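Trainee: Got a structure for you, written out below as structure tokens; questions coming shortly.
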Amino acid sequence: MEELAAWGDEVRVAERRIIQALERGEDVGAVMHSDDPDEEIVSFPLAVMLAAAVGDKWLQKRLALYESRRVEAFLSGEDDGVLEAVWTDLGLKAGRCGPDEAERTGFPYKISVADYLRLVKGIDGAEWRLVNRTVWKGWVYVTRRELIRLIAEEVESRILKRLEELKVSKIPDPIKETVERIRGMLATRFARALPKAEDSRDETRWPPCMVALKNALLSGSKVGHFGNFAFASFLLSSGYSVEEVVAFYSQRPDFNERIARYQVEHIAGLRGSRTKYSIPSCQTMKAHGLCVEEGRLCPRGIRSPRQFQYLTRRQRSGSGATEQ
Ligand code: SF4
């Protein structure tokens with residue numbers, strides 16, 4: 001951490017990197033932070049150290065996401081030689097298919113099943129599931145774009161690992177001001193308070209699956225498309241406004257206000273087909289692995305997370321009636 005104090009302009013570029021990460025998240029292209037290539041290179045580890053010094057997990061995840069998406073953007077414009085050098089440097093077992101293999105599988109690249117399964121954990125979408133992939137002799141076959149995405153996932157997980165390893169016992173005096181400035185920006189960003197629980201929106205009476213989704217969002221963990229949809233539809237049907245639901249999603253490291261608002265408005269039936277989407281049933285939640293403890297914490301016979309409050313209230317009062 002003392003290294004940070006020894007740099008001047010480079011720390012300012014590192015701060016700029018962090019601000020960009022804060023503002024843009026994954027909405028980033030092949031952007032540079034300095035005209036000086038040396039500053040650009042050095043500012044990366046410095047930005048990681050600064051993020052460790054700030055000590056905010058959300059910022060750290062946001063920085064890891066931002067840097068990995070930058071790598072993705074840069075690699076998209078590189079040739080095969082650079083791509084191979086990068087995956088080799090990262091220790092990934094990947095390769096370019098020979099002509100016969102490419103013709104047989106229909107894919108130009110391959111990556112070992114072990115690496116694929118490890119990296120794909122952070123990627124949402126049915127097309128990434130192993131059952132939907134071409135797999136042969138220990139390889140998963142991928143397009144160039146997919147391989148670059150997997151490489152970016154490896155970069156992201158390495159940055160997060162590095163951030164976990166960095167121990168900050170004392171912030172060096174010369175960078176205290178920078179660290180405080182970044183903390184101030186974070187405080188402003190989170191000033192948009194999360195909705196207060198009240199009446200039917202009482203969070204202490206939410207079903208376990210929705211509590212788990214909320215906790216995952218607030219901790220900055222990755223929540224898949226379906227989980228986001230289920231949580232947003234639950235909040236909307238519990239009386240939260242679009243604005244309040246978007247505020248929940250602002251906790252995601254990959255938060256993009258424009259996209260989040262569009263999606264929430266869509267679920268609320270304010271866009272597109274104007275259909276207000278219902279909360280998924282417990283059966284569907286289970287199928288997506290979102291039910292907690294197979295429903296053991298919920299009233300027997302529950303069919304939808306929406307029924308949770310009603311059924312628990314009825315159970316407490318001894319009535320067996322159900323709500324549709
Ligand atoms: S049984 Fe239904 S309400 Fe309960 S945790 Fe599972 S999906 Fe949620």
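Trainee: Give the residue that is nearest to A126 (Cα to Cα), with candidates limited to residues of region 233-243 that are part of a helix (DSSP H, G or I) and open to solvent by less than 50 Å² (accessible area, probe 1.4 Å).
Mentor: Start the filter on region 233-243 by keeping residues that are part of a helix (DSSP H, G or I), which leaves 233-237, 242-243.
Next cut, open to solvent by less than 50 Å² (accessible area, probe 1.4 Å) only: 233-237, 242.
Numbers: S233: 21, F234: 23, L235: 25, L236: 26, S237: 27, V242: 27 Å.
This residue is S233.
Trainee: What tally of residues in region 246-297 results from selecting those that are of a type in the set (A, V, I, L, M, F, W, C) and open to solvent by 30 Å² or more (accessible area, probe 1.4 Å)?
Mentor: Going residue by residue through region 246-297, those that are of a type in the set (A, V, I, L, M, F, W, C) are 246-248, 255, 259-260, 264, 267-268, 270, 279, 282, 285, 287, 290-292, 297.
Among the residues that remain, those that are also open to solvent by 30 Å² or more (accessible area, probe 1.4 Å) are: 259, 270, 287, 290-292, 297.
Number satisfying all stated conditions: 7.
Trainee: Do we find that A212 is within 29 Å of Y66 (Cα to Cα), open to solvent by 20 Å² or more (accessible area, probe 1.4 Å), near the ligand (Cβ under 9 Å from one of its atoms) and among the small types (G, A, S) in this structure? Give the steps one after another, and end with the answer.
Mentor: Values: within 29 Å of Y66 (Cα to Cα): yes; open to solvent by 20 Å² or more (accessible area, probe 1.4 Å): yes; near the ligand (Cβ under 9 Å from one of its atoms): yes; among the small types (G, A, S): yes.
Yes, satisfied.
Trainee: Answer yes or no as to whether G25 is open to solvent by less than 40 Å² (accessible area, probe 1.4 Å), under 27 Å from G220 (Cα atoms) and at pLDDT below 90. Give the steps one after another, and end with the answer.
Mentor: Values: open to solvent by less than 40 Å² (accessible area, probe 1.4 Å): yes; under 27 Å from G220 (Cα atoms): yes; at pLDDT below 90: yes.
Against the criterion (open to solvent by less than 40 Å² (accessible area, probe 1.4 Å), under 27 Å from G220 (Cα atoms) and at pLDDT below 90), G25 qualifies.
Trainee: S281 fails exactly one of the following numbered conditions: (1) at positive phi; (2) within 16 Å of the ligand (Cβ to nearest atom). What is the number of that condition?
Mentor: Unmet for S281, out of (1) at positive phi; (2) within 16 Å of the ligand (Cβ to nearest atom): (1).
Trainee: Would a scan of region 87-105 turn up a residue that is hydrophobic (A, V, I, L, M, F, W, C), closer than 26 Å to L163 by Cα and out of contact with any helix residue (DSSP H, G or I) (no Cβ under 9 Å at 6 or more places or on another chain)?
Mentor: no
Trainee: Here's another thing I want to ask about it. Among the residues of region 207-248, which ones are touching a Pro at 6+ places or on another chain (Cβ under 8 Å) and closer than 16 Å to S304 by Cβ?
Mentor: P207, C209, M210, F226, F229, A230, S233, F234
Trainee: Please pick out the residue among E84, E39, E72, E10 that is open to solvent by 30 Å² or more (accessible area, probe 1.4 Å), free of Cβ contacts under 8 Å to residues at least 40 places away in the same chain and either farther than 25 Å from K167 by Cα or part of a loop (DSSP other than H, G, I, E, B) (or both). Break it down stepwise before answering.
Mentor: On the way: E39 fails: either farther than 25 Å from K167 by Cα or part of a loop (DSSP other than H, G, I, E, B) (or both); E72 fails: free of Cβ contacts under 8 Å to residues at least 40 places away in the same chain; E10 fails: either farther than 25 Å from K167 by Cα or part of a loop (DSSP other than H, G, I, E, B) (or both).
Being open to solvent by 30 Å² or more (accessible area, probe 1.4 Å), free of Cβ contacts under 8 Å to residues at least 40 places away in the same chain and either farther than 25 Å from K167 by Cα or part of a loop (DSSP other than H, G, I, E, B) (or both) holds for just one of E84, E39, E72, E10, which is E84.
Trainee: In addition: Based on what the data block shows, is A230 in a helix (DSSP H, G or I) and within 19 Å of K57 (Cβ to Cβ)?
Mentor: Numbers: in a helix (DSSP H, G or I): yes; within 19 Å of K57 (Cβ to Cβ): no.
No: the conditions fail for A230.
Trainee: Quick one: would you say R201 is away from the ligand (no atom under 14 Å from the Cβ), surrounded by fewer than 15 Cβ atoms within 10 Å (Cβ to Cβ) and either aliphatic (A, V, I, L, M) or modelled with pLDDT under 80 (or both)?
Mentor: Details: away from the ligand (no atom under 14 Å from the Cβ): yes; surrounded by fewer than 15 Cβ atoms within 10 Å (Cβ to Cβ): no; either aliphatic (A, V, I, L, M) or modelled with pLDDT under 80 (or both): yes.
In short, no.
Trainee: Can you pull out the residues in region 284-297 that are of a type outside the set (V, I, T) and either more than 9 Å from the ligand (Cβ to nearest atom) or in contact (Cβ under 8 Å) with a residue 60 or more places away in the chain (or both)? Even if it seems obvious, please write down each step before you answer.
Mentor: Kept after step one, since they are of a type outside the set (V, I, T), are these residues of region 284-297: 285-291, 293-297.
Passing the criteria: M285, A287, H288, G289, L290, C291, E293, L297.
The values are calculated or read from the model by the stated rules, or taken from the named source; none is laboratory data. On a predicted model such as this, the values are computed, not experimentally measured, just so you know. Neighbour counts are summed over all protein chains in view; Cβ atoms, including those assigned to glycine, are modelled from backbone coordinates with ideal geometry. The accessibility values were calculated without ligands, DNA or RNA, using every heavy atom of the protein model including side chains. Shrake-Rupley method; radii C 1.70, N 1.55, O 1.52, S 1.80 Å.
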